[in-house]
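Laboratory data are not the source of any read-out in this text; all were calculated from the coordinates shown. Bear in mind that the values here come from a model prediction, so they are computed numbers and not experimental data. Don't worry about glycine lacking a Cβ; one is built from the backbone with ideal geometry, like all the others, and counts go over all protein chains shown.
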């Protein structure tokens, strides 16, 4: 009888001990969770305070160091800075790049949304970050940005297509030659009605060659012979060499024109 009582007491004692252990474990887990929340809150407060300032070079280095040290815990702060106009544009730009560095390609779908952002700074930052990530899944977004109202955004979109060798969008690049936004009004009184090509047109002509857009071959062979396209002659010569695989002579503009005229006749023959 005494043995049974002792056994029962032992079982009860073990049961109570186990129950208290579970309670303490829950308390410990809850405490750890609270500490984690407090820690993340502190990190966010520190980072947002830094991002709200106009950063000099030293402060920027310090901010980047903090962001990388906090790693994933800095992501909510970076997203908040990107979304809010109360932070300086330069800092929103920096936040975009840092998000790409920390999260990698997993951040691409989120970054791609900013290609349509009202701020040209955010549109350009998202394009540059996606290029840094070598993200070739968003060619359609880049092609759309070739018609952006911002010259700098259009230039960056063109750079994305070139560096990622997105041949599928070569026709979109070629269409830049017909976009009025890529021309400016001449200041010369004699040419008030004339529109001048921006350097972006030169870039686009070269990219057409880099992408080996064969549909541009015949137009380029015609244009290269005309004096009114002389300001982009070098770029057309470059693209024609890229598309045809033929090297034009280095003996001057006239000899180059004769060379491409002969090439043009050859292509028409065949």
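Numbers for the structure displayed
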| quantity | calculated |
| --- | --- |
| Shape of segment 141-187, Cα gyration tensor, a/c cut at 1.5 | prolate |
| Contour excess over end-to-end distance, with Cα ends at residue 165 and residue 80 and 0.36 nm allotted per residue | 27.3 nm |
| Calculated FRET value between residue 247 and residue 214, using beta carbons and R₀ = 22 Å, to 0.05 | 0.80 |
| Footprinting exposure proxy for 129, 198, 222 (fewest neighbouring C-beta atoms within 10 Å first) | 222, 198, 129 |
| Neighbour-count ranking [beta-carbon atoms within 10 angstrom, fewest first] of 148, 179 | 179, 148 |
| Förster radius 41 Å - calculated FRET efficiency between residue 196 and residue 46 (Cβ-Cβ, nearest 0.05) | 0.25 |
| Gain in span if fully extended, residue 257 to residue 222, counting 0.36 nm per residue against the direct Cα distance | 11.6 nm |
